[in-house]
Amino acid sequence: MTKEAEEIARVVEATAAAMNLTIPAEGFAVVVEHLTVAYRMAPLVMDFPLGDEQEPAPVFTP
């Protein structure tokens, strides 16, 4: 497990405890894996340049 995955695992444990949420042992690694991927993808979204004229959509429709 990478250092970032270990840190995310600690956050998941603490958050689950604070929310009184039980994560089954067989699902815990999957939760950490998905959050690790999201953590790595976040800079791609956050660093995407947007102009001043662009605003968030008021309603998202499929």
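Looking only at residues of the stretch 31-52 that are over 14 Å from VAL11 (Cα atoms) and of a type in the set (Val, Ile, Thr), we find that the one that is modelled with the lowest pLDDT is VAL45. Here the condition is being within 24 Å of THR2 (Cβ to Cβ) and among the polar types (S, T, N, Q); of THR61, THR36, it holds for THR36 alone.
Scanning the stretch 11-57 for residues that are exposed (fewer than 10 other Cβ atoms within 10 Å of the Cβ) and either touching a Cys at 6+ places or on another chain (Cβ under 8 Å) or hydroxyl-bearing (Ser, Thr, Tyr) (or both) yields a total of 1.
The values are calculated or read from the model by the stated rules, or taken from the named source; none is laboratory data. As the structure is a prediction and not an experimental result, all values here were calculated from the model. Reconstructed Cβ throughout: ideal geometry from the backbone, glycine too, with neighbour counts over all protein chains shown.
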